[in-house]
Amino acid sequence: MNILLYLAKRFIAGETFEQAKEVVKRLNDRGFLVTIDILGESVTNKEQAEKARDSYIELLKNINTLGLNSNVSLKLTQMGLDIDDSYCHENVIKIIKTAVEYKNFVRIDMEGSRYTQRTIDIFKEVHRVYPQNIGMVIQSYLYRSKKDAEHAIENQHYIRLCKGAYKELPDIAFPDKKDVNKNFEEMTKELLLKGNYPAIATHDEKLIDIAKNFAIENGISKDKFEFQMLYGIRRDLQERLITEGYRVRIYVPYGTYWIPYTIRRIRERKENLWFVLRNIFRR
Ligand SMILES: Cc1cc2nc3c(=O)[nH]c(=O)nc-3n(C[C@H](O)[C@H](O)[C@H](O)COP(=O)(O)OP(=O)(O)OC[C@H]3O[C@@H](n4cnc5c(N)ncnc54)[C@H](O)[C@@H]3O)c2cc1C
């Protein structure tokens, strides 16, 4: 647990808003945009879902009061997707209404594949009423994603493109990283050409360079898209992109429910996993 906590500190801004706020201010001062995530997922009772919903409403108010340059990211299983779809939708609507009031924006993170279609359905319903205040995520490891991206482009949805962080079976997701990257590259190009202010969310330098070069070759200016990266990962690259004049948004998670998020970050990288194993065997 101590090793997990040690690693969590690298990826998470703290357990409270007070701690996260200081991180966000520092990032804003250095020119970064931010999206704040209150850690939480897989909620199974209404009390927890409503608590999470109210925390997001409070967060949007605080962002406005403090003048932070940040929007918010949330997960639908945190808002009660495992309880009932229309209940989850109602919770999201309450948050979106606050975002509208403060002229802010809510990004619906994408979770494991058993939630993909229901997440898209709820997103589309909300988007119909509040098109400027909500965005969604597409994961390049899923076979279905190219079609989802085409649909998103047709409807000018705000999309964050990422590779995907959940364990998926080969009948629905590319098992080979080369294919995930190729799909990411192809969707990046389509979204840059025809999408609505896409967010290219990766720390993969090769894919970032491809996006930069493609934008330059096609006369797409730097204010037509943004790069997004996770707090605590490739800070050197984050700084470099800012120096080059790109928009970079940092995903800043905070809260007490940090274990699943931290485990996803550990699993993503062999070195993180080795670090954990080395420390277990050293004891
Ligand atoms: C802003 C943002 C939002 C995201 N939202 C979602 C979402 O809603 N749903 C979802 O499924 N996934 C989400 N992800 C996670 C994403 O799907 C990937 O799992 C994650 O970004 C790692 O993939 P990569 O694109 O960085 O490429 P990779 O090929 O995995 O990594 C490229 C390089 O980045 C560095 N790196 C990557 N991960 C780590 C790490 N954990 N620790 C240390 N270094 C690392 C390494 O240098 C590595 O060589 C998000 C990612 C970002 C950046």
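Each value in this text was obtained by applying a stated rule to the coordinates, not by laboratory testing. Note that the structure is a prediction, hence the values are computed from the model and not measured. Methodologically, a virtual Cβ is constructed for each residue, glycine included, from the backbone with ideal geometry; neighbour enumeration extends over all protein chains shown.
Summary of values
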read-out: Summed residue charge, Cβ within 15 Å of Glu150's Cβ, Lys/Arg positive, Asp/Glu negative; value: +2
read-out: Most fluctuating residue given options Asn272, Asn71, Asn183, as computed from a GNM of the chain linking Cα atoms under 10 Å; value: Asn272
read-out: Over 30 Å between alpha carbons, listed pairs Lys46/Lys189; Lys103/Lys182; Lys21/Lys103; Lys46/Lys224; Lys61/Lys194; value: Lys46/Lys189; Lys103/Lys182; Lys46/Lys224; Lys61/Lys194
read-out: Region 1-73: relative contact order as a whole-number percent, Cα under 8 Å and 6+ apart; value: 34
read-out: Contact order relative to length of the chain, as percent, for alpha carbon pairs under 8 angstrom and 6 or more apart; value: 23
read-out: Kirkwood Rh and Cα Rg combined as Rg over Rh, evaluated for region 3-68; value: 1.01
read-out: The chain: Cα Rg divided by the 2.2 N^0.38 Å rule of thumb; value: 0.97
read-out: Simple spin-label estimate for Lys97 and Tyr197 in nanometres, 7 Å along Cα-Cβ; value: 2.4
read-out: Protection proxy ranking of 162-170, 226-234 - average other beta-carbon atoms within 10 Å, highest first; value: 226-234, 162-170
read-out: The chain, helix-only ellipticity at 222 nm - DSSP H runs n ≥ 4, -39,500 (n - 2.57), divided by all residues, nearest 500; value: -16500 deg cm²/dmol
